[in-house]
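K.L.:
I have a structure here, written as structure tokens, and I will follow up with some questions on it.
The values are calculated or read from the model by the stated rules, or taken from the named source; none is laboratory data. This is a predicted model, so every value here is computed, not measured. Here the Cβ positions follow ideal geometry from the backbone for every residue, glycine too, while neighbour counts run over all protein chains shown.
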Amino acid sequence: MMQRSDAGPASGGDGTQAAQHGDERAKGGLVGLIIGSIGVVYGDIGTSPLYALRESLAHQVQADALTEDSVVGAISLLIFALIFTVTIKYVLFLTRADNRGEGGILSLMALAQSALGGGSAPVFFLGVAGAALFSGDAIITPAISVMSAIEGLELVTHRFSDFVLPITVAILVTLFWVQSHGTARVAAFFGPIMIVFFLAISVLGIMHIPDAPQVLKAFDPRAGIGFLIQNGWLGFAVLGSVFLGVTGAEALYADMGHFGRLPIRVAWLSFVLPALLLNYLGQGALILSRPETIGNPFFLLAPDWGLLPLVILSTLATVIASQAVITGAFSIVRQAIQLGLVPRLEITHTSASQEGQIYIGRINRLLLIGVLLLVIAFKSSSALASAYGIAITGTMVVTTALAFVVVWRKWGWPLWAAVLLISAFLAVDLAFLAANLMKVKDGGWVPLALGGCVMIVMWTWTRGTHLLAEKTHRDSIPIMDLIAMLQKSKPTRVPGTAVFLTSDPNVAPTALMHNLKHNKVLHERVLVICVKTEDRPRVAPDKRFEIERLSDDFYRATLHYGFMESPRVPAALAAMRKAGFKYDIMTTSFFLGRRSIKESPSSEMPVWQDKLYVALTRQAANATDFFSIPSDRVVELGAQVTI
């Protein structure tokens, strides 16, 4: 007989995030969520004025083609990018494509697969490619953001020039070091600091717009289009740098689940977008009135007395932007683990009240190493700008393609309407992608290479795990057959409950077979548990488990978790006990199989991929930690397996 869990407190800390969000919104209100979204969601895109216009005009300076029309044209392109790509595509359209409140490339992939009625290889490939490219550019964000802020010290006094690199490294090392301690306490200051930052850049922009009022012509889209047409390849190169102004849009979509659609929209339309537009216009007016300021127009907007405070404020803002990227990286890795794209890594929860506050040590160390290598190798934010943006444009193209599946199959739009809308977005995305491809030889290959490595890891892990599961299934005994055999040839029974975890609930777990073979005993009650990840962010408590009685002493349970949740088996068992399943932790033993994977000359994978898969299995966290099982109740039984 099949039973379902009953809703209640038994599921511990794994209640649905949607319900938590509802409570938070009721308590904090819309204003609190808006302030929070300004601090977390808009950190990356909010700090882009530090370098976006400067790099967009750098091409024209090198070509000795800086004119009033070219300055106005570049700003017009920035305005168009902010309005069309960020406002229309992401804030107004893609935030509607939420997977039960969650956004991001992997959430969209799961939503698209659901729309197609199951697994789809092309959709899966697109999702993996998008996530890999997103991670490639994520490493660059902390490096370019913090370095661009610290470079403002050079304007205070040239004596600081030699200290830009060491200060940047020190700030980044400190930022990554504090991750293991959690960021819940300092996160409360993110919103207010970013509000001060946006107000400051708005005021600075307003102060300088009267210096050259003709900069307001940038609101005419013909200025940007005319600039592109008249300047050919130069205009195309500028378009690649203009994209630096919208690189945070994908992160905006990924962070939607933390705050909700409405707060993100209100914060952008009423506060963040006006602040960015005013600042870009102010920078443009300053350059038109004083061309010598083109080297660093953002900081030169400030009067002499305000330069150092602006550097300090900008540094704080870039640290906040970097923190948001790091938190996002942890989140996307957890999603990838739950979806079976990468090995299960040890996840530490740094907050007792917020499920999303997590820390993944291995990922933190990899990010730190990558960021420091970039800072040391490129040495300046201008050099890093050449590497920045190219991979995220690829992610945007993937996001648009997945959105087409959702619009057409999930929302039920007519095919012609879906094609018309998505084609408009795709045309702009492809234009940005083509423009950014010009950066490949100047450093753009770095995020592409990083994204490619991530994609190879995901492909190898997925393929190896699939082959291993097939081999295990072939060599296993169906669990119903085993039960029938045990009823005829009864082994020695011992008191208590034995819990066996398995990835295939239809066959006898390997640990169970080894226990029978070597220990020749069986507990008086056996529970086989399979943990299943659903194509939704979170699973409601009343849908957490299904339990089936296979015989008088054998039970089979399936635990359901969303890809944004951490599977906690003891909490699920507590819920099962409240639903009527007899279970006592003090008389229960958890039997886990620990497989040592060996290379095989007959493997279906190439030798290099076989070696990589074996290396990845050695990086995986053990099941005891991953499933939060009490270590003093665990018995591990090992076996050597070849793929």
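K.L.:
Looking only at helices (runs of 4 or more DSSP H) that fall completely inside the stretch 244-362, which ones have 2 or more residues that are modelled with pLDDT under 85?
P.N.:
249-254, 256-259, 307-338
K.L.:
Further, regarding this structure: Of A401, A377, A329, A317, which residue is crowded, with 24+ Cβ neighbours inside 10 Å, out of contact with any Cys (no Cβ under 8 Å at 6 or more places or on another chain) and small (G, A, S)?
P.N.:
Of A401, A377, A329, A317, the one residue that is crowded, with 24+ Cβ neighbours inside 10 Å, out of contact with any Cys (no Cβ under 8 Å at 6 or more places or on another chain) and small (G, A, S) is A317.
K.L.:
If you check V528 against the conditions, is it assigned by TED's automatic domain parsing to the domain that holds R633, buried (at least 19 other Cβ atoms within 10 Å of the Cβ), touching a helix residue (DSSP H, G or I) at 6+ places or on another chain (Cβ under 7 Å) and more than 21 Å from Y583 (Cα to Cα)?
P.N.:
Considered against the rule, which asks whether it is assigned by TED's automatic domain parsing to the domain that holds R633, buried (at least 19 other Cβ atoms within 10 Å of the Cβ), touching a helix residue (DSSP H, G or I) at 6+ places or on another chain (Cβ under 7 Å) and more than 21 Å from Y583 (Cα to Cα), V528 comes out as no.
K.L.:
Separate question: Checking the condition at pLDDT 90 or above and under 30 Å from P509 (Cα atoms), which residue from T472, T460 passes?
P.N.:
Selected residue: T460, the only one of T472, T460 that is at pLDDT 90 or above and under 30 Å from P509 (Cα atoms).
K.L.:
For T617, state whether it is surrounded by 15 or more Cβ atoms within 10 Å (Cβ to Cβ) and under 27 Å from the mean Cα position of the chain (by Cα).
P.N.:
Yes, satisfied.
K.L.:
I would also like to ask the following. Within the stretch 58-72, track down each residue that is of a type outside the set (D, E, K, R) and part of a loop (DSSP other than H, G, I, E, B).
P.N.:
Across the stretch 58-72, the qualifying residues are A63, A65, L66, T67.
K.L.:
Is the stretch 145-162 home to any residue that is within 21 Å of the chain's Cα centre (by Cα), in contact (Cβ under 8 Å) with a residue 12 or more places away in the chain and crowded, with 24+ Cβ neighbours inside 10 Å?
P.N.:
Yes - at least one qualifying residue is present in the stretch 145-162.
K.L.:
Of the residues in the stretch 261-287, how many are over 12 Å from S37 (Cα atoms) and either in contact with a helix residue (DSSP H, G or I) (Cβ under 6 Å, 6 or more places away or on another chain) or surrounded by 21 or more Cβ atoms within 10 Å (Cβ to Cβ) (or both)?
P.N.:
12
K.L.:
Among the residues of the stretch 614-640, write down those that are touching an Asp or Glu at 6+ places or on another chain (Cβ under 9 Å) and of a type outside the set (G, A, S).
P.N.:
V614, N622, T624, D625, F626
K.L.:
Six or more apart or on different chains, Cβ atoms under 9 Å: show the pairs whose first residue is in the stretch 50-68 and more than 30 Å from L316 (Cβ to Cβ) and whose second is small (G, A, S) and in a loop (DSSP other than H, G, I, E, B).
P.N.:
From the stretch 50-68, the pairs are H59/A65; E68/A212.
K.L.:
Quick one: which residue in I75, I79, I88 is part of a helix (DSSP H, G or I), of a type outside the set (K, R) and farther than 17 Å from V238 by Cα?
P.N.:
Of the residues listed, the single one that is part of a helix (DSSP H, G or I), of a type outside the set (K, R) and farther than 17 Å from V238 by Cα is I88.
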